[in-house]
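Accompanying notes for the structure given below.
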Ligand SMILES: [Zn+2]
């Protein structure tokens with residue numbers, strides 16, 4: 001079975017370029033505007049699938065998570081982006097969450113007919129993150145939004161499917177757990193397409209050329225060794241890598 005993957009642009013954020021390389025070992029000391037993407041997967045027997053669902057509110061990103069400028073234009077909503085592919089929010093039956101950071105799990109409440117699949121231990125980590133309250137960027141929540149976690153625990157709880165490690169929900173569509181990479185229990189989604197195996201990697205990689213091709217871990221990780229192992233494994237398994245915050249991903253559809 002093969003699937004089709006379409007990136008959706010759900011907002012933009014200004015971030016330090018140093019995040020691209022571990023220990024801030026980057027000559028790039030500036031800031032860049034990056035996309036906040038999600039991915040629509042077509043071709044599954046159970047209906048269209050989303051991988052991640054964007055941020056709840058750009059203002060919360062700045063006020064709650066103490067981050068730089070965030071924005072989402074009227075063209076960058078879930079409804080508007082799905083409409084480009086002839087889909088409505090109600091059509092989505094499954095959301096595979098790579099991890100629960102604010103810019104990946106903020107749109108769950110906008111999907112009335114979806115089930116939400118997340119690693120059980122990622123939900124645990126998101127409920128009790130280790131951010132020191134005085135931390136100037138991230139703070140006590142460490143990029144997990146209390147409202148997203150609260151909604152998954154209740155009222156969305158009956159529609160939450162807790163995953164225990166690697167699984168293959170449908171033939172040719174696999175969830176692979178990379179523990180202690182970008183988050184405690186981040187998963188990558190491998191999708192078989194007509195042009196090979198596509199890896200939707202969330203934030204395990206920020207830039208394909210730098211983090212995957214050159215095997216240089218990015219700046220945000222829990223265990224550097226685990227992060228590097230994840231990158232090497234993704235490089236080995238995937239023909240095409242799609243990070244969440246890389247503009248070059250939007251060229252993907254032209255290459256399919
Ligand atoms: Zn992210």
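Only helical DSSP H runs with n ≥ 4 go in: add -39500 (n - 2.57) per run for the chain, normalise by residue count and round the 222 nm mean residue ellipticity to 500 deg cm²/dmol. Spell out each step's value before the answer.
Numbers: 5 runs with 42 residues, N = 256.
For the chain, the value works out to -4500 deg cm²/dmol.
With bins 5 Å wide starting at 0, give me the P(r) of the chain over every alpha carbon pair, in whole percents.
1, 6, 14, 19, 22, 19, 12, 5, 1, 0
Using only Cα positions of region 1-75, each an equal point scatterer, no hydration layer, compute I(q)/I(0) via Debye at q = 0.15, 0.20, 0.24 Å⁻¹ and quote the log10 values to two decimals.
Here log10 of I(q) over I(0) equals -0.67, -0.91, -1.05.
Please compute the contact order of region 184-239 in relative form: average sequence separation of alpha-carbon pairs under 8 Å and at least six residues apart, divided by the residue count, as a percent. Could the numbers behind the result be given before it?
Numbers: 59 pairs, mean separation 18.7, N = 56.
Taking the mean separation of contacting Cα pairs over the length of region 184-239, I get 33 percent.
Based on the inverse mean of 1/r over its pairs of different Cα atoms, what is the Kirkwood hydrodynamic radius of region 105-204, in Å?
Working: mean 1/r = 0.0677 Å⁻¹.
By the Kirkwood definition, the hydrodynamic radius is 14.8 Å.
Can you tell me the relative contact order of region 1-60? Whole percent, Cα pairs under 8 Å, sequence separation 6 or more.
Numbers: 94 pairs, mean separation 22.1, N = 60.
Relative contact order comes out at 37 percent.
So what's the projected area for region 69-152, the Cα convex hull averaged over all directions, in nm²? Spell out each step's value before the answer.
On the way: hull surface 24.9 nm².
Averaged projected hull area, Cα only: 6.2 nm².
Take the alpha carbon gyration tensor of region 47-191, find the square roots of its eigenvalues, order them as a ≥ b ≥ c, and report rounded if a/c is under 1.5; if not, report prolate when a/b exceeds b/c, else oblate. Numbers along the way, then the final one.
Values: a/c = 1.82, a/b = 1.17, b/c = 1.56.
Cα axes put region 47-191 in the oblate bin.
What is the ratio of the Cα radius of gyration of region 1-131 to 2.2 N^0.38 Å, with N the residue count, to two decimals?
Numbers: Rg = 15.8 Å, N = 131, 2.2 N^0.38 = 14.0 Å.
In units of the globular-protein estimate, region 1-131 measures up at 1.13.
Rank-order 26-38, 124-136, 88-100 by packing density, defined as the average count of other C-beta atoms within 10 Å over each peptide's residues, highest first.
Values: 26-38: 16.3, 124-136: 13.2, 88-100: 21.5.
Order by mean packing, descending: 88-100, 26-38, 124-136.
Ranked highest first by average number of other Cβ atoms within 10 Å, how do 174-186, 138-150 line up? Write out the running numbers ahead of the final one.
Numbers: 174-186: 22.8, 138-150: 18.7.
Sorting 174-186, 138-150 by mean packing, highest first, produces 174-186, 138-150.
Name the shape class, rounded, prolate or oblate, that the alpha-carbon gyration tensor gives for region 164-245, where a ≥ b ≥ c are the square roots of its eigenvalues, rounded holds for a/c under 1.5, and otherwise prolate holds if a/b is larger than b/c and oblate otherwise. Working shown, then result.
Working: a/c = 2.10, a/b = 1.27, b/c = 1.66.
Oblate, because a/c is 1.5 or more while a/b does not exceed b/c.
Read-outs: derived from the displayed coordinates by stated rules, not from any lab. Just so it is clear, the structure is predicted and the values come from calculations on it, not from any experiment. All Cβ positions, glycine included, derive from the backbone under ideal geometry; neighbour counts span all protein chains shown.
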